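Visitor: Please find one structure pasted underneath; my questions will follow.
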Amino acid sequence: MSKYIKYEMILILNEELNESELKTWAFKYASQLKEFGAEEICVISRGKRNLAYTIKNQNQCNFIEIKFFLIPLYLKEFKEIIDLDENILRSLIIKKGAANL
């Protein structure tokens, strides 16, 4: 039996996305995580913020935080999907620890 690992993912998204588009975007990736067998998915919008430096000609961005439990085998595949999204300027996934779900 594979162990689930708790992950936290921070995403820096294009500033041009409005609130409705952000909700649709977040639902899309939460559903994708669910397809990979993720548990306890929590999506938190951290709002629009100024960047310390320009990223892809953007001075502001939308921050999204996603917390979830996932079997590590599927994380690489999910990361590849995230990397293809043009709305994501930067992403970071942090391993928080193991869990028995």
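Visitor: Run the dipole for the stretch 1-40 about the Cα centre, Lys and Arg Cβ at +1, Asp and Glu Cβ at -1, nothing else charged, and hand back the magnitude in debye, nearest 20.
Guide: 280
Visitor: Placing +1 at every Lys and Arg Cβ and -1 at every Asp and Glu Cβ, with all other atoms neutral, what dipole size does the stretch 45-86 have around its Cα centre, in debye to the nearest 20?
Guide: It comes to approximately 280 debye.
Visitor: Any chance you could run the full-extension gain for Glu86 through Glu21? It's 0.36 nm times the residue separation minus the Cα-Cα distance, nm to one decimal.
Guide: Between Glu86 and Glu21, full extension yields an extra 22.0 nm.
Visitor: Within straight cross-link reach of Lys23, meaning Cα distance under 13 Å, which aspartates and glutamates are found once same-chain residues fewer than 8 apart are removed?
Guide: Glu65
Visitor: Calculate how steeply helix 19-35 sits against the longest principal axis of the alpha-carbon atoms of the chain, using the helix alpha-carbon long axis, and give the answer as 0 to 90 degrees to the nearest 10.
Guide: Roughly 20 degrees between the two axes.
Visitor: Given Lys3/Lys95; Lys6/Lys48; Lys3/Lys76; Lys3/Lys48; Lys34/Lys56; Lys56/Lys95, which pairs have Cα atoms separated by over 24 Å?
Guide: Correct reply: Lys6/Lys48; Lys3/Lys48; Lys34/Lys56; Lys56/Lys95.
Visitor: Another question, then. Taking the Cα centre of the chain as the origin, how large is its charge dipole in debye, to the nearest 20, when only Lys and Arg (+1) and Asp and Glu (-1) carry charge on their Cβ atoms?
Guide: Using Cβ point charges on Lys, Arg, Asp and Glu, the chain gives about 400 debye.
Visitor: Between Tyr74 and Asn59, what is the spin-label point distance in nm, taking each point 7 Å from the Cα along the Cα→C-beta axis?
Guide: Distance between label points: 4.1 nm.
Visitor: Let me ask you something else. Starting from one equal scatterer on each C-alpha and no solvent at all, send me the Debye-based log10 I(q)/I(0) for the stretch 4-99 at q = 0.10, 0.14, 0.19, 0.24 Å⁻¹, two decimals.
Guide: Each listed q maps to, in turn, -0.26, -0.50, -0.88, -1.30.
None of the figures in this text is laboratory data; all of them are computed from the coordinates on show. Quick caveat, the model's predicted, so the values are computed rather than measured. Note: ideal-geometry Cβ built from the backbone for every residue, glycine included; neighbour counts use all protein chains shown.
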